[in-house]
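Report on the following structure.
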Amino acid sequence: MVNIESVSYGYIRVSTREQNEDRQRIAMQGLAVPEENIYMDKQSGKDFQRPQYLKMVRKFKQDDLLYIKSIDRLGRNYEEILEQWRVLTKEKGIDIVVLDMPLLDTRRGKDLMGTFLSDIVLQVLSFVAENERSNIHQRQAEGIAAAKLRGVRFGRPPAPLPANYFSAYQRWKAGVITGTAAAKECGMPLSSFRYRAETWE
């Protein structure tokens with residue numbers, strides 16, 4: 001039975017400052033969660049060292065209720081999600097509701113079978129969340145490799161060559177001046193002068 005003094009919380013996470021949290025915030029509306037009890041981190045889900053999440057967890061009391069939009073908003077690491085779920089439900093004694101997955105509602109099925117089914121669903125979803133993260137990294141790596149094969153360059157574009165570079169380069173190649181002198185004429189480090197020479201050739 002839920003404690004009459006239990007408090008509802010909502011947790012929102014987006015991976016970067018540029019991402020929009022509106023979808024998760026809208027999902028929290030109508031859930032009787034006080035605005036001051038909605039905590040949000042704009043941070044990767046690779047671990048649980050997130051300031052707002054930790055601040056929220058410190059406030060939890062027995063029978064409090066936590067809403068999250070989907071399991072991957074809680075975290076991305078399979079083992080850490082399972083461990084954190086155990087800490088929250090067993091040690092803190094709170095209930096968790098995953099809005100996108102009604103089976104993950106610890107208020108239901110408090111008997112052994114209900115807990116067993118909830119644990120199975122959680123493990124499957126946690127695995128899927130981490131597997132998707134691995135797939136995203138793999139797709140990114142494959143996309144970068146394919147782009148490099150097409151000649152796409154990554155990183156900052158090289159700085160324009162000094163106006164006198166070609167003249168200094170020709171005299172250096174002809175043995176008239178040393179590489180150090182040529183680089184100095186161009187106002188470049190010797191390593192940069194040689195690298196640009198190799199690229200230009």
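Every number in this text was worked out from the coordinates using simple rules, so none of it is lab data. Since the model is a prediction, treat every value here as computed from it, not as a measurement. Cβ placement follows ideal geometry from the backbone for every residue including glycine, while neighbour counts extend to all protein chains displayed.
Note on segment 11-30: residues that are charged (D, E, K, R), under 21 Å from residue 55 (Cβ atoms) and either surrounded by 19 or more Cβ atoms within 10 Å (Cβ to Cβ) or free of Cβ contacts under 8 Å to residues at least 12 places away in the same chain (or both) amount to 1. Pairing each residue of segment 180-201 that is under 9 Å from residue 168 (Cβ atoms) with any residue that is part of a helix (DSSP H, G or I) and among the aliphatic types (A, V, I, L, M), provided the two are 6+ apart or on different chains, yields C-beta distances under 7 Å for 182/168; 183/190; 185/168; 186/168; 193/182; 193/183. Scanning segment 76-110 for residues that are among the hydrophobic types (A, V, I, L, M, F, W, C) and more than 18 Å from residue 62 (Cβ to Cβ) returns 81, 82, 98, 99, 101, 103, 104.
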